[in-house]
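Take a look at the structure below.
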Amino acid sequence: MQSYRSYIDGNWCQGDEIWKNTNPSDTSDIIGECEFSNRRQAEDAVAAARSAFPAWSRSQLEERAKILDRIGREITDRRVELGTLLSREEGKVLSEGIGEVDRAASFVNYMAGEVFRFDGKRYASVRPGIEIETTREPIGVVLGITPWNYPLANGAWKVAAAIGYGNCVILKPSEFAPASAWAFAEIISRAGLPPGVFNLVMGTGEIGDALVNSNDVDGITFTGAVPTGQVILAKAAKRQTRVQLELGGKNPLVILDDADLEIAINCAVFGAFSQTGQRCTASSRLIVTKGIYSKFVDALLKRTEALVVGHALEKGTNMGPVSNEPQLEKDLTYIKLGQEEGAKLLCGGARVKRETAGHFLSPAIFSDAHNDMRICREEIFGPVTTVIPARDYEEAKSLANDTEFGLSSGIVTTSLKYARDFNRNSQAGMVAINLPTSGIDYHVPFGGRKLSGFGSREHAHSADEFFTENKTTYTSPGNCD
Ligand code: NAD
């Protein structure tokens, strides 16, 4: 059986506690044993990153690019194998698993090119005879903490940006999806990085907390739930450590009377139920104006009931299992709550039996929901969506913004006027017009507003705001030759 160990200072390290990684489509399938690190190993990882930093921060750009290129290439070459592993450990259907692998490779490849754009600027001075230039320098030791829903892609975009910009990094993946993170680390371990530049520390939130509390971490890039992000932010603030948070969402998709019904249903079904609804950008609030409401609800119900729930690797499955038992319990609690709150459970929301013992849940739609219900305000993170009626566009827009979250939002309409107005007034970091709220490009900024995000955006050129810091240099020729 495969052991998933931590990788610290160029060595694979035995952990203290063993955690069995099971397949959510078939809990009798043990994927491997994850060995959780102890606090001393967490400290060792930070120390290794610190001592590797001076040399790596001065490494040649071509060296960095070649290493990233090797990593990206191997991920692509092994896309089916890694996609299968993702499906097996996380419950994504195979096309979604391979899609995540491709996205991970794209991030790494993008960064392989981006290292050459590590630029600066020259300015004229307001003082005579003085030259000014601004440059960006790596920040030092970066801690990346990731959730279970994108164990490969999320690690890839944090690690590739960290090392591409000349930092050293410690990746702490989720305890619920260690195999894909380990596979990524194993590829990196053979790519030619000096020891200590990249480190992997396995463990639960406890080891994450130990790393966050380290005095020797210069930046924390965190993706996960709002409460965890807030704890990390409070701790980091005490030491003025820079933090980037990518957190949850309660993403609205507005459907107007003039919408193309087919597009609206495609967006809603994909947004709500792809990846079993376990996406930070999932459309968990479908806000529908009254002229199209019943037509939309009928068509949504029909399409949702046709979704085949089953083993993630079985042909014909449209929706895999919930990723882990605690998440399934959480989903079921919210389904009960929605009924108690008076929303109408149109379909789904029950455990489903299949040939294998897995965490299967039928996709749930609540219609006639009100935006003040807890099922419309709190992130569920499962295959559960709500349909909220709205009088007209103005009310729909206001309901869309009436949330503590602000990750992504969408509108389906044939009206350019409403599409533009929505785009201008949506309080979300990302807006989708006639597209699902989920689904992103890797070469443009990614991130949310309000409770959904904090700090600078991830991805693309905006990543340099977190992974590097600015230096302004004033030069007077003085007595220089
Ligand atoms: P989580 O917050 O429970 O855990 C995320 C990571 O933090 C894990 O590695 C966990 O071990 C670690 N952790 C837990 N407590 C910690 C602590 N006190 N200190 C340091 N680390 C700690 O989230 P999850 O359940 O793994 O993931 C689901 C959440 O992630 C959802 O809210 C989802 O919306 C969010 N998410 C956001 C994005 C985004 O880009 N905005 C992307 C994917 C997932």
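Throughout, read-outs are computed from the coordinates displayed, never taken from laboratory work. Everything numeric here is computed off the predicted structure, so don't read it as measured data. Cβ placement follows ideal geometry from the backbone for every residue including glycine, while neighbour counts extend to all protein chains displayed.
Observations on the model:
- Simple label model, 7 Å out from Cα along Cβ direction - Lys471 to Glu63, nm: 1.8
- Taking a straight Cα-Cα cut-off under 17 Å and skipping sequence neighbours fewer than 8 places away in the same chain, the aspartates and glutamates within cross-link reach of Lys353 are Asp26, Asp29, Glu305, Glu314, Glu325, Glu329, Asp331.
- Given their separation in residues at 0.36 nm each and the Cα-Cα distance between them, Lys330 and Arg239 gain 29.3 nm when the chain is fully extended.
- Peptide ranges 420-426, 182-188 listed from the most packed, as the mean C-beta count within 10 angstrom indicates: 182-188, 420-426
- Shape call, the chain: gyration tensor on alpha carbons, a/c limit 1.5: oblate
- What the Cα atoms of segment 76-142 give is an Rg and a Dmax of 21.2, 65 Å.
- Distant-in-sequence amide contacts of Val169, defined by a placed amide H-H separation under 5 Å and a gap of 5 or more residues or a different chain, comprise Val142, Phe198, Asn199.
- Between Glu17 and Arg351, the simple spin-label model (points 7 angstrom out along Cα→Cβ) gives 2.5 nm.
- In terms of distances greater than 31 angstrom between alpha carbons, the cross-link table entries Lys290/Lys315; Lys172/Lys397; Lys250/Lys290; Lys121/Lys250 yield Lys290/Lys315; Lys172/Lys397; Lys121/Lys250.
- FRET efficiency estimate (nearest 0.05) - Cβ-Cβ, Arg420 to Leu301, R0 45 angstrom: 0.90
- Peptide packing: for 142-152, 120-130, 215-225, the average count of neighbouring Cβ atoms within 10 Å per residue gives the ranking 142-152, 215-225, 120-130, highest mean first.
- Each residue of segment 190-197 was assigned a 3J(HN,Hα) from its phi angle through the Karplus curve 6.51 cos²θ - 1.76 cosθ + 1.60 (θ = phi - 60°); the sequence is 10, 8, x, 6, x, x, x, 5 Hz, with glycine and proline shown as x.
- Label-point separation, Arg73 to Thr27 (7 Å along Cα→Cβ), nm: 4.4
- Net charge of Cβ neighbours under 13 Å - reference Ser106; Lys, Arg +1; Asp, Glu -1: -2
- Relative contact order of segment 331-447, taken over Cα pairs closer than 8 Å and 6 or more residues apart, is 18 percent.
- Relative contact order computed over the chain (Cα-Cα under 8 Å; 6+ residues apart), in percent: 18
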